[in-house]
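**Q** Next up is a structure, given as structure tokens.
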């Protein structure tokens, strides 16, 4: 991959929907028109070409845990196996809306990741992409505007850096205990970030 590969991480907030696809969740992989921790502002339409290419190929970007498999991520054989699949991606007025589903919930690894999300330990999304078209002002402190980017993967991560991206829902077994634990973890995270 190119030296141009960039990561943007985003914060999750959880709401619960019981029944059905346990482990399914949705949120934002990227938020438009907002400065991220890397000094970038992603513009609306930045992902439209890469999403169209994936749609034509019948594919989606990969879903990893903390960028496993990339040069800066972990590289054990198990880490190279995606932790889930993205089922829907589309740009809306806020950003890159994503829906996905964790896989292998009947395995130890799958349970650890799922429980990490429920406990609030995995609270973010982070996109791995290559910039295609950018612009920047004249001052070194000016942000870089990303007008087009090629998406490679979106990871579930433990250290979010963009506080405006949220998860719309995560499907659980619907237990009140799990809900209470996650709500407490989110309150702790909000206090830490503020």
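**Q** Under 17 Å from a point 7 Å along the Cα-to-Cβ line of residue 33: which residues of region 88-107 have their amide N that close?
**A** 91-97
**Q** A further question follows. How long are the three semi-axes of the equivalent ellipsoid for region 89-133, computed from the Cα gyration tensor as the root of 5 times each eigenvalue, in whole Å, largest first?
**A** Numbers: eigenvalues 143, 30, 25 Å².
Semi-axes from the Cα gyration tensor: 27, 12, 11 Å.
Taken together, the values in this text are just the output of simple stated rules run on the coordinates, not laboratory data. If you're wondering where the values come from, they're calculated on a predicted model, not measured in any experiment. Neighbour counts run over all protein chains shown; Cβ positions are idealised from the backbone, glycine included.
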